[in-house]
Every structure is written in structure tokens, then in C-alpha cells.
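The values are calculated or read from the model by the stated rules, or taken from the named source; none is laboratory data. Remember, it's a predicted structure, so these values are computed and weren't measured experimentally. Here the Cβ positions follow ideal geometry from the backbone for every residue, glycine too, while neighbour counts run over all protein chains shown.
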Amino acid sequence: MSPVGTIVLLSGPNLQLLGERQPEVYGTATLDDHVAAARAAAEALGYVLEHAQSDHEGDLVGAVHAARGRADALVVNAGALSHTSWSLHDALAAFDGVVVELHLSNPAAREPFRQVSVLAPVADGSLAGFGGLGYPLAVEAAVRLLAARG
């Protein structure tokens, strides 16, 4: 079966440390484990999943721009940039496809500075607090939203 489209998964700063950094908050699975789960979900639904990770805000903004007109959806786990990055907000606002914001933990139950996402207003939806299960759920949500758009 040929893929019907492309989903780009973006991972922000420090996510390459998953499995090592604060496992009591973020779990013991690595970023590679999460990407593999997202990729398997995308492929099962007929999509190709591409992944980019960067500790640099500008790289993530560039990845969003590179996805414009080429990718159908973005799944974005921007890490701490979710709470601070107006440049990523603006880039996502210029993306015509589906945008799903993703968090391993539940920011609403954490420190006050994590409780507000500057990305949420330009996302179609947010998934938070489901740990690693959030990755395939975010992919499925993106595909369902794409189908609803027709």
C-alpha cells in the first residue's frame, strides 16, 4: 500500500535525554522508542512519519517551514519551548495542515510556568499526560482530524 500522506513529528530541547532525564516524570522509554511507536501507528494508518529533534528553537521553526505544502500534519512535542516560543507559535500558525501538540506529562498538574502553552492556540488539539501512549494517540488524532477535513 502506498502512503497516503506525511506526518512530521517534531521533538524539542532535551527530549533526546528521555529514558535518562527525570524518569519519574517522563518514564523510562527513550525518544527512539517513542518515535518507533509513532511511526508504527502512522504506517498502520497509511502515512509516512518523519522525525526531527533539536535543542535549537530556530531549527524547529525551520522544520515547520519545511513541512509547509509537503506534510499533512505535525505532531509537536516542543518540550519547554511549548511555554515560551512565540516564534514556534507563529510558524505553526502558518502551517496549513493539522497540528497536534503533545506532552508526555500533564503540564496542568506541574509547575505554574508549565501550565500555559503558547502553542495550544495554534494547535488543533493537545494530548497530555498519557506518557508514551501519547505518541501513537497523537498520530491517530492527526489522521482522524485529516479525515474529518476531507
- Message: Tally up the residues in the range 2-34 that are within 21 Å of residue 98 (Cβ to Cβ), surrounded by fewer than 18 Cβ atoms within 10 Å (Cβ to Cβ) and not polar (S, T, N, Q), please.
- Response: 3
- Give the residue, chosen from 105, 82, that is part of a helix (DSSP H, G or I) and either in contact with a strand residue (DSSP E or B) (Cβ under 6 Å, 6 or more places away or on another chain) or not aromatic (Phe, Trp, Tyr) (or both). 82
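Is it the case that the range 36-51 has a residue that's modelled with pLDDT under 95 and outside any helix (DSSP H, G or I)?
Just the residues of the range 36-51 that are modelled with pLDDT under 95, to begin with: none.
Checking the range 36-51: not a single residue is modelled with pLDDT under 95 and outside any helix (DSSP H, G or I).
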- Query: If we scan the range 48-58, do we find a residue that is within 15 Å of residue 146 (Cβ to Cβ) and of a type in the set (A, V, I, L, M)?
  - Reply: yes
- Task: Check residue 56 against each of (1) modelled with pLDDT of 95 or more; (2) within 20 Å of residue 110 (Cα to Cα) and name the one condition it does not meet.
- Result: (2)
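Tell me which residues, restricted to the range 35-66, are of a type in the set (A, V, I, L, M), surrounded by fewer than 15 Cβ atoms within 10 Å (Cβ to Cβ) and farther than 21 Å from residue 119 by Cβ. Don't jump to the end; show me each part of the working.
Filtering the range 35-66 down to residues of a type in the set (A, V, I, L, M) leaves 35-38, 40-42, 44-45, 48-49, 52, 60-61, 63-64, 66.
Next cut, surrounded by fewer than 15 Cβ atoms within 10 Å (Cβ to Cβ) only: 40, 44, 66.
Selection gives 40, 44.
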- Message: What are the pairs with Cβ atoms under 7 angstrom where one residue, in the range 130-150, is more than 18 Å from residue 11 (Cβ to Cβ) and the other, located anywhere, is among the charged types (D, E, K, R)? Sequence gap at least six, or different chains.
- Response: 145/124; 146/72
- Message: On the basis of being farther than 16 Å from residue 41 by Cα, in contact with a Lys or Arg (Cβ under 9 Å, 6 or more places away or on another chain) and surrounded by 18 or more Cβ atoms within 10 Å (Cβ to Cβ), does residue 79 make the cut?
- Response: no
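Which residue out of 25, 75 is among the β-branched types (Val, Ile, Thr) and either assigned to a loop (DSSP other than H, G, I, E, B) or touching a strand residue (DSSP E or B) at 6+ places or on another chain (Cβ under 9 Å) (or both)? Break it down stepwise before answering.
Numbers: 25 fails: either assigned to a loop (DSSP other than H, G, I, E, B) or touching a strand residue (DSSP E or B) at 6+ places or on another chain (Cβ under 9 Å) (or both).
Result: 75 is the single residue among 25, 75 that is among the β-branched types (Val, Ile, Thr) and either assigned to a loop (DSSP other than H, G, I, E, B) or touching a strand residue (DSSP E or B) at 6+ places or on another chain (Cβ under 9 Å) (or both).
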- Among the numbered conditions (1) modelled with pLDDT of 95 or more; (2) under 16 Å from residue 38 (Cα atoms), tell me where residue 148 comes up short. (2)
- Test result for residue 60, under 19 Å from residue 124 (Cβ atoms) and among the hydrophobic types (A, V, I, L, M, F, W, C): yes
- Please name all residue pairs, on different chains or six or more residues apart, with Cβ atoms under 6 Å, provided the first residue is in the range 56-73 and is free of Cβ contacts under 8 Å to residues at least 12 places away in the same chain and under 12 Å from residue 7 (Cα atoms) and the second residue is among the acidic types (Asp, Glu) and part of a strand (DSSP E or B). none
